[in-house]
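*Asks:* I have a structure here, written as structure tokens, and I will follow up with some questions on it.
Each value in this text was obtained by applying a stated rule to the coordinates, not by laboratory testing. Small disclaimer: the values here were computed from a predicted structure and weren't measured. Every residue, glycine as well, gets a Cβ built from its backbone with ideal geometry; the counts of neighbours run over all protein chains shown.
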Amino acid sequence: MPDKKKFDRDSISNTLIMAIGLSLVCSVLVASAAIILKPTQLRNQEEYRQRIILEVAGLMQPGGDIAALFAAVQTDRVRIASGEDVEIYLAKDGDELQQIILPISGPGLWSTMRGYLAVAPDGNTVMGIRFYEHGETPGLGDQVDKASWRDLWVGKHIYGDDGTPRIKVIKGFVRRDASNPDAIHEIDGLSGATLTGNGVTKLVRYWTGPEGFGPYLESYR
Ligand SMILES: Cc1cc2nc3c(=O)[nH]c(=O)nc-3n(C[C@H](O)[C@H](O)[C@H](O)COP(=O)(O)O)c2cc1C
């Protein structure tokens, strides 16, 4: 009897079949994982966005139920000068408006920074600022999201007497005495990160100016 042909696992054709088969199995696994995990990812993203909005409004409580707390936040849309409808948030206590929470974004030194600015119902006083996405340098530009720096914004006035945005991140420390009438608009600089600070000034002024939410905030003032 002739010898049965032996399976040659090192042959070119078998190596190719094995490699292609393995690639197919892996791609099916990866694609399935992506599809199965998508709803969870979207849910987590939405929960993160809601948490940031609650945090900038000072409404987040440790261990609090984000969805329940977010029930106090109403979504609205504002048409800006470009014609785009931008989603904003109104934090309410019953029927009473507590804060207007506006999305803000713009270039820092290395990256586009994205965050939220909370404004009092007077349409002028800052109640909070929070950047949730940026690529600034750790230890330098990333101080934009340091709690102690964010706290410096609370109570600052966005607009000067002429109604234009005067709020500004300065270089160094704000002179808090009678000789500096601008202190109400000024925030201490970020040490070693003046350029990121300048970016924050520009983007906050842009979004609170005529091309951003300026006309909308004016309706509250
Ligand atoms: C590796 C590297 C990373 C830097 N990252 C930042 C940054 O994220 N933001 C920033 O404003 N400046 C950054 N700088 C510093 C700027 O080049 C610039 O010196 C600084 O903004 C000036 O701020 P100061 O006048 O407060 O020192 C970085 C510099 C180096 C060398």
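*Asks:* May I have the convex hull volume per residue, in Å³, for the Cα set of region 90-206?
*Replies:* 105 Å³
*Asks:* Around Pro138, with a cut-off of 15 angstrom between Cβ atoms, what is the net charge of the other residues, counting Lys and Arg +1 and Asp and Glu -1?
*Replies:* -3
*Asks:* Where in region 1-97 are there trypsin sites (Lys or Arg not before Pro) that are in a DSSP coil and have at most 14 other Cβ atoms within 10 angstrom of their Cβ?
*Replies:* For trypsin sites (Lys or Arg not before Pro) across region 1-97 that sit outside H, G, I, E and B with at most 14 neighbouring Cβ atoms in 10 Å, the list reads Lys4, Lys5, Lys6, Arg9.
*Asks:* What residues qualify as long-range amide H neighbours of Thr112, i.e. H under 5 Å apart, gap of 5 or more or another chain, H built at 1.01 Å from N?
*Replies:* Amide H to amide H, under 5 Å and 5 or more residues apart or across chains, Thr112 pairs with Gly135.
*Asks:* What are the ³J(HN,Hα) values, in whole Hz, obtained from phi via the Karplus relation 6.51 cos²θ - 1.76 cosθ + 1.60 with θ = phi - 60°, for each residue of region 106-116 in sequence order, with x given for Gly and Pro?
*Replies:* Karplus-based 3J(HN,Hα) across region 106-116 equals x, x, x, 7, 10, 8, 7, 9, 10, x, 9 Hz.
*Asks:* Still on this structure, I have one more. Over the residues of the chain, compute the C-alpha Rg and express it relative to 2.2 N^0.38 Å.
*Replies:* Against the compact-globule rule of thumb, the ratio is 1.52.
*Asks:* Quick check on my link table: of Lys92/Lys156; Lys38/Lys146; Lys156/Lys202; Lys92/Lys202; Lys146/Lys168, which ones sit more than 23 Å apart, alpha carbon to alpha carbon?
*Replies:* With Cα atoms farther than 23 Å apart: Lys38/Lys146; Lys92/Lys202.
*Asks:* Could you work out the equivalent-ellipsoid semi-axes for region 54-148, taking the square root of 5 times each eigenvalue of the Cα gyration tensor, largest first, in whole Å?
*Replies:* Values: eigenvalues 116, 68, 28 Å².
Working from the Cα gyration tensor, I get semi-axes of 24, 18, 12 Å.
*Asks:* Given the Cα atoms of region 135-200, and with Rh set as the inverse mean 1/r over their pairs in the Kirkwood sense, what is Rg to Rh to two decimals?
*Replies:* 0.99
*Asks:* Next up: Out of the GluC sites (Glu not before Pro) in region 116-221, which ones are loop residues according to DSSP with at most 14 other C-beta atoms within 10 Å?
*Replies:* Glu211
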